[in-house]
Amino acid sequence: MSKLYYTPKEVAEILEVSDDTVLDLVNRGSLPALRVSPRITRIPIAAFDAWREGFKPRRRRVTIAAARRRVVVGEGEHLPSPSRVARG
């Protein structure tokens, strides 16, 4: 199985810059990346190659909202009840 993602450290070595510079590019939305958790960031190799060739990613906001249309389920199935989310 071939490798699909770079770590920020690997990208820093390729670009010959610091890890902090790579993370800054990711945080500004200049370098496409996936945030796996608050502490783990991965850069897809295909996206990194496209970025090096001049591709500029669009930053998209991810939101969670109620379904816009009625969700149909099969016979004998049911949707889980909505959970209550604490908002602070």
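Those residues that are surrounded by 14 or more Cβ atoms within 10 Å (Cβ to Cβ) and either outside any loop (DSSP other than H, G, I, E, B) or among the small types (Gly, Ala, Ser) (or both), I need them from region 1-20; list them, please.
Correct list: Tyr5, Tyr6, Pro8, Glu10, Val11, Ala12, Leu15, Asp19.
If you go through region 51-72 one residue at a time, do you hit one that is over 13 Å from the mean Cα position of the chain (by Cα), without any contact (Cβ under 8 Å) to a residue 40 or more places away in the chain, surrounded by 13 or more Cβ atoms within 10 Å (Cβ to Cβ) and in a loop (DSSP other than H, G, I, E, B)?
no
If you go through region 21-43 one residue at a time, how many are touching a residue at least 24 places away in the same chain (Cβ under 8 Å), farther than 18 Å from Lys56 by Cβ and either touching a helix residue (DSSP H, G or I) at 6+ places or on another chain (Cβ under 8 Å) or in a helix (DSSP H, G or I) (or both)?
Qualifying residue count, region 21-43: 1.
Read-outs: derived from the displayed coordinates by stated rules, not from any lab. Since the model is a prediction, treat every value here as computed from it, not as a measurement. Every residue, glycine among them, receives a Cβ derived from its backbone with ideal geometry; neighbour counts consider all protein chains shown.
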